[in-house]
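**Student:** Submitted below is the structure of interest, expressed as structure tokens.
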Amino acid sequence: MVYYIRFLKPPKLDTKTGNVRALITITTDLGDDFYPGNLTLHAMIITDYWEEPMTEWHTVLWKKGMRTAWIEVGKLPSRGTKFMRLLVSTQCTEVADTVLLNDLPEILSARSDTFGWDDPQAGNKIERRYKTAQGEGRSIYEQTGESIARHIWDAGIALAAFLSDIVLHPQPTSHLAMTLTRTTPHGPKILELGSGCGIVGLEIAHLCPISDVLLTDLPEAMAIMDYNVSKARKSSGTGKITTATLDWDDALPEFIRQGQCDLVMVSDCTYNCDSIPALVKTLAAVIERSPPALVVVAMKVRHDSEAVFFDLMAKAGLIKAENYAILLPDQQRADTEQALEAVDVYVFRKEKDERADRS
């Protein structure tokens with residue numbers, strides 16, 4: 001599984017001593033488990049824009065059984081720099097994490113929100129930097145705090161790596177690959193449900209420069225999603241990106257009912273079995289208006305109750321067309337020869353009506 005360095009107490013600069021303190025944890029996406037082994041972390045203060053080092057690397061020991069760790073870095077050399085950030089990583093490097101299909105990071109590094117001499121308390125955002133198979137750097141922001149809707153999840157990271165790989169090495173037998181790499185008469189139109197921070201939808205926008213991507217979620221996720229979209233729009237070579245609120249318990253809004261799409265993306269949205277019927281209802285309603293569209297679902301099974309998703313999809317006439325398994329890194333499991341956890345990616349399509357074909 002993937003573990004995430006998170007700030008429980010964002011960095012704060014002591015303007016008298018020039019030292020910066022922060023409280024971190026290393027936890028799973030749901031925050032229900034902590035990194036179980038011994039680990040050496042490295043922390044450094046960098047400038048915000050040019051990312052120049054302001055301090056030496058500071059070593060922090062994470063020991064088996066820990067739930068939190070204090071980081072203290074200093075002494076900052078001067079008051080000249082207006083905005084700074086705290087970088088925490090498992091490596092003594094400022095290079096982004098590598099997110100590849102067969103080489104996902106076990107621990108994601110973290111960059112804090114900005115702080116400075118005039119505003120010593122860092123804000124509540126945390127940045128993840130990573131590179132996919134395309135070789136280009138990516139950036140996604142989360143929010144600190146307990147809301148899982150404003151964090152990135154394992155299936156989102158795995159799906160981003162998978163999509164990057166499938167576009168770089170498209171297989172002619174994959175309808176998903178052919179849709180993503182289509183260039184005529186226009187690029188693919190993609191609708192993402194439960195986008196959260198937007199890591200999957202934004203990855204597609206980077207991969208498919210002529211795509212039209214709509215990211216949706218509940219109101220509580222929109223602020224961080226819109227923030228990430230605003231950052232992505234500043235990059236050249238991305239597709240059209242828009243956002244909208246969408247509650248699966250409600251009827252489809254007009255802008256979706258009147259539109260057509262080629263792909264519907266869903267990642268890590270089946271963990272709550274109570275919301276699965278509404279999710280499938282929404283998927284079926286979208287496909288009813290765009291019958292040729294594919295539905296791509298990435299899921300890390302956490303409970304046996306999630307199996308109802310497949311039953312409801314079958315009843316809705318949506319059948320599995322493609323299936324992929326992405327193994328998640330876990331050094332503890334590997335050392336004890338336990339099976340690795342996986343993110344499964346399913347591609348669904350609307351079942352053909354044989355009666356209509358015969359007529």
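**Student:** What's the number of the condition Met66 fails, among (1) part of a strand (DSSP E or B); (2) surrounded by 14 or more Cβ atoms within 10 Å (Cβ to Cβ)?
**Tutor:** Single failed check for Met66: (1).
**Student:** Tally the residues that are free of Cβ contacts under 8 Å to residues at least 60 places away in the same chain, in a strand (DSSP E or B) and not polar (S, T, N, Q), restricting the search to region 10-45.
**Tutor:** 8
**Student:** Moving on to the next point. Counting only residues that are of a type in the set (Val, Ile, Thr) and more than 20 Å from Ile152 (Cβ to Cβ), which one in region 265-304 is surrounded by the most Cβ atoms within 10 Å (Cβ to Cβ)? It would help to see each step written out before you state the result.
**Tutor:** Step one: list which residues in region 265-304 are of a type in the set (Val, Ile, Thr), which gives 266, 270, 276, 280, 282, 286-287, 295-297, 301.
Adding the requirement that they be more than 20 Å from Ile152 (Cβ to Cβ) leaves 276, 280, 282, 286-287, 295.
Working: Ile276: 22, Val280: 23, Thr282: 24, Val286: 20, Ile287: 21, Val295: 26.
Restricting to residues being of a type in the set (Val, Ile, Thr) and more than 20 Å from Ile152 (Cβ to Cβ), the top hit is Val295.
**Student:** Looking at the structure I just gave you, is Arg150 crowded, with 21+ Cβ neighbours inside 10 Å and modelled with pLDDT under 90? Please lay out each step first, then the result.
**Tutor:** Details: crowded, with 21+ Cβ neighbours inside 10 Å: yes; modelled with pLDDT under 90: yes.
Spelling it out, Arg150 is indeed crowded, with 21+ Cβ neighbours inside 10 Å and modelled with pLDDT under 90.
**Student:** Select from region 58-79 the residues that are modelled with pLDDT under 95 and either out of contact with any Ser or Thr (no Cβ under 9 Å at 6 or more places or on another chain) or aliphatic (A, V, I, L, M) (or both) and list them in ascending order. Talk me through it step by step, then tell me what you get.
**Tutor:** Within region 58-79, the subset modelled with pLDDT under 95 is 74-79.
Leu76, Ser78 - these are the residues of region 58-79 that are modelled with pLDDT under 95 and either out of contact with any Ser or Thr (no Cβ under 9 Å at 6 or more places or on another chain) or aliphatic (A, V, I, L, M) (or both).
**Student:** Restricting attention to region 29-57, which residues are farther than 15 Å from Leu86 by Cβ, modelled with pLDDT of 95 or more and either outside the structural domain of Glu127 (by TED's automatic domain parsing) or surrounded by 15 or more Cβ atoms within 10 Å (Cβ to Cβ) (or both)?
**Tutor:** Within region 29-57, Phe34, Tyr35, Leu39 meet the criteria.
**Student:** Moving to a separate point now. Scan region 217-231 and tell me whether some residue there is without any contact (Cβ under 8 Å) to a residue 40 or more places away in the chain and among the basic types (Lys, Arg).
**Tutor:** The answer is no; no qualifying residue exists.
**Student:** On to the next question. Residue check, Ile256 against (1) within 21 Å of Ile204 (Cβ to Cβ); (2) under 20 Å from the mean Cα position of the chain (by Cα), all met but one. Which one?
**Tutor:** (2)
**Student:** Please go through region 107-123 and give me each residue that is surrounded by 15 or more Cβ atoms within 10 Å (Cβ to Cβ) and farther than 18 Å from Ile157 by Cα, ordered by number. Give the derivation first.
**Tutor:** Start the filter on region 107-123 by keeping residues that are surrounded by 15 or more Cβ atoms within 10 Å (Cβ to Cβ), which leaves 107-117, 122.
Those that are surrounded by 15 or more Cβ atoms within 10 Å (Cβ to Cβ) and farther than 18 Å from Ile157 by Cα: Ser112, Asp113, Thr114, Phe115, Gly116, Trp117, Ala122.
**Student:** Name the residue that is surrounded by the most Cβ atoms within 10 Å (Cβ to Cβ), counting only residues in region 154-182 that are at pLDDT below 95 and in contact with a Cys (Cβ under 9 Å, 6 or more places away or on another chain).
**Tutor:** By that ranking, first place goes to Leu180.
**Student:** Quick one: Ile210 ticks every box in (1) among the hydrophobic types (A, V, I, L, M, F, W, C); (2) under 21 Å from Gly137 (Cβ atoms); (3) over 16 Å from the mean Cα position of the chain (by Cα) bar one, so which box is it?
**Tutor:** The number of the failed condition is (2).
**Student:** When you look at Ile152, is it touching a helix residue (DSSP H, G or I) at 6+ places or on another chain (Cβ under 6 Å), of a type in the set (A, V, I, L, M, F, W, C), over 30 Å from Asp330 (Cα atoms) and outside any helix (DSSP H, G or I), yes or no?
**Tutor:** It is false that Ile152 is touching a helix residue (DSSP H, G or I) at 6+ places or on another chain (Cβ under 6 Å), of a type in the set (A, V, I, L, M, F, W, C), over 30 Å from Asp330 (Cα atoms) and outside any helix (DSSP H, G or I).
Residue-wise test of (1) among the basic types (Lys, Arg); (2) under 30 Å from Arg302 (Cβ atoms); (3) out of contact with any Gly (no Cβ under 8 Å at 6 or more places or on another chain).
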| residue | (1), (2), (3) |
| --- | --- |
| Leu13 | no, no, no |
| Thr17 | no, no, no |
| Ala22 | no, yes, yes |
| Leu30 | no, yes, yes |
| Asp48 | no, no, yes |
| Glu51 | no, no, yes |
| Thr55 | no, no, no |
| Leu61 | no, no, yes |
| Arg67 | yes, yes, yes |
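**Student:** Kindly indicate whether any position in region 78-91 is in a strand (DSSP E or B), outside the structural domain of Asp268 (by TED's automatic domain parsing) and surrounded by fewer than 19 Cβ atoms within 10 Å (Cβ to Cβ). Full working, then the answer.
**Tutor:** First, the residues of region 78-91 that are in a strand (DSSP E or B): 84-89.
Checking the rest, the ones that are also outside the structural domain of Asp268 (by TED's automatic domain parsing) come to 84-89.
If we keep only those that are surrounded by fewer than 19 Cβ atoms within 10 Å (Cβ to Cβ) as well, we get none.
The answer is no, given that none of the residues of region 78-91 is in a strand (DSSP E or B), outside the structural domain of Asp268 (by TED's automatic domain parsing) and surrounded by fewer than 19 Cβ atoms within 10 Å (Cβ to Cβ).
**Student:** Further question on the same structure: Among what's in region 305-327 and is assigned to a helix (DSSP H, G or I) and small (Gly, Ala, Ser), pick the residue that is surrounded by the fewest Cβ atoms within 10 Å (Cβ to Cβ).
**Tutor:** Here is the first cut: in region 305-327, the residues assigned to a helix (DSSP H, G or I) are 305-315.
Next, from what is left, pick out any that are small (Gly, Ala, Ser): 305, 307, 314.
Details: Ser305: 14, Ala307: 12, Ala314: 14.
Filtering first and then ranking leaves Ala307.
**Student:** Select from region 104-152 the residues that are acidic (Asp, Glu) and touching a residue at least 60 places away in the same chain (Cβ under 8 Å) and list them in ascending order. Before you say what the answer is, go through the steps one by one.
**Tutor:** In the first step, residues of region 104-152 are kept if they are acidic (Asp, Glu); the result is 106, 113, 118-119, 127, 136, 142, 146.
Those that are acidic (Asp, Glu) and touching a residue at least 60 places away in the same chain (Cβ under 8 Å): Glu106, Asp113, Glu136, Glu142, Glu146.
The values are calculated or read from the model by the stated rules, or taken from the named source; none is laboratory data. Note that the structure is a prediction, hence the values are computed from the model and not measured. Note that we place each Cβ from the backbone using ideal geometry, even for glycine, and neighbour counts take in every protein chain shown.
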